[in-house]
1. Say whether the condition of being touching a strand residue (DSSP E or B) at 6+ places or on another chain (Cβ under 8 Å), open to solvent by 10 Å² or more (accessible area, probe 1.4 Å) and in contact (Cβ under 8 Å) with a residue 24 or more places away in the chain is met by at least one residue in the range 139-148.
2. Which residues, counting only those in the range 150-205, are charged (D, E, K, R), open to solvent by 50 Å² or more (accessible area, probe 1.4 Å) and in a strand (DSSP E or B)?
3. Counting just the residues of the range 153-174 that are among the charged types (D, E, K, R) and touching a residue at least 24 places away in the same chain (Cβ under 8 Å), which one comes out farthest from residue 200 (Cα to Cα)?
4. Only residues in the range 1-12 that are within 17 Å of residue 117 (Cα to Cα) count as the first member; pair them with residues that are aliphatic (A, V, I, L, M), Cβ under 7 angstrom, at least 6 apart or cross-chain, and list the lot.
5. Which numbered condition in (1) of a type in the set (Gly, Ala, Ser); (2) open to solvent by 10 Å² or more (accessible area, probe 1.4 Å); (3) outside any loop (DSSP other than H, G, I, E, B) is the only one that residue 34 fails?
Amino acid sequence: MTTREQYWDKRSQRFDEQIATQYQDAYTRTVELSLKYLKPGDRVLDYACGTGLTTVQIAPHVSFVRGIDPSIEMVRRAQNKAAELALDNVRITQTGIFDPCLEEGSFDAVTAFNLLHYLDDFHPVMARLKRLLKPGGLFLSATDCLGEGFTREALRKFIKYHTGKMPFVGFYKMRQLEQMVANAGFTVLETENLFPAPPNLFIAAQNEGGPL
């Protein structure tokens with residue numbers, strides 16, 4: 001079985017190229033929607049920041065962005081982007097979400113773009129994100145809903161996952177995913193589908209209270 005780190009290290013080599021040719025509009029809209037909720041003084045955790053495509057676009061609009069990712073190759077590319085743009089309010093490291101260096105209650109917002117369907121530990125992760133957020137903090141995500149209809153991308157990932165060529169993939173429907181976020185203790189504020197097939201669901205949600 002390919003590990004999460006191995007898979008994303010390899011994907012990093014062509015990740016930006018793939019996004020530019022297929023998903024650029026969805027990524028642009030993800031940033032636009034996120035900036036509606038972010039304020040200049042916010043401290044943001046960009047969970048699974050990848051190559052930093054959205055990290056470097058959000059950073060000029062907030063106080064600080066802490067980018068983390070399990071893939072060292074993704075991290076290296078994200079660090080290079082931030083350095084090239086001279087973004088001194090960005091810190092990107094190969095760090096797991098449960099690392100104690102991430103202080104509970106220290107973030108105004110957590111972003112998790114194109115990640116949730118890759119989590120085989122969804123519920124513990126969402127509980128951890130809730131603890132990392134301040135009361136009233138925001139959770140912003142965009143997720144491929146591979147269980148919505150029959151698409152070539154869903155079939156491809158189903159085969160790769162079940163033959164051990166990629167790590168866990170969840171096949172959620174849009175309403176199911178929205179309910180999962182709500183069940184984790186968040187109030188859903190807004191949703192929007194950003195891509196036709198498979199749907200890519202943006203969710204803005206708020207942490208109303210303390211940890212679960």
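The values are calculated or read from the model by the stated rules, or taken from the named source; none is laboratory data. The shown structure was predicted, so the numbers you read here are calculated from the model rather than taken from an experiment. Every residue, glycine among them, receives a Cβ derived from its backbone with ideal geometry; neighbour counts consider all protein chains shown. The protein model used for the area step is the full one, side chains on, heavy atoms only, and it has no ligands, DNA or RNA in it. Shrake-Rupley method; radii C 1.70, N 1.55, O 1.52, S 1.80 Å.
1. yes
2. 192
3. The selected residue is 165.
4. 2/166; 7/166; 8/74
5. (2)
Okay, residues lined up against (1) at pLDDT 95 or above; (2) more than 14 Å from the chain's Cα centre (by Cα); (3) open to solvent by less than 10 Å² (accessible area, probe 1.4 Å):
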site	(1), (2), (3)
58	yes, no, yes
73	yes, yes, no
86	yes, yes, no
100	yes, yes, no
107	yes, yes, yes
114	yes, no, no
118	yes, no, no
121	yes, yes, no
125	yes, no, yes
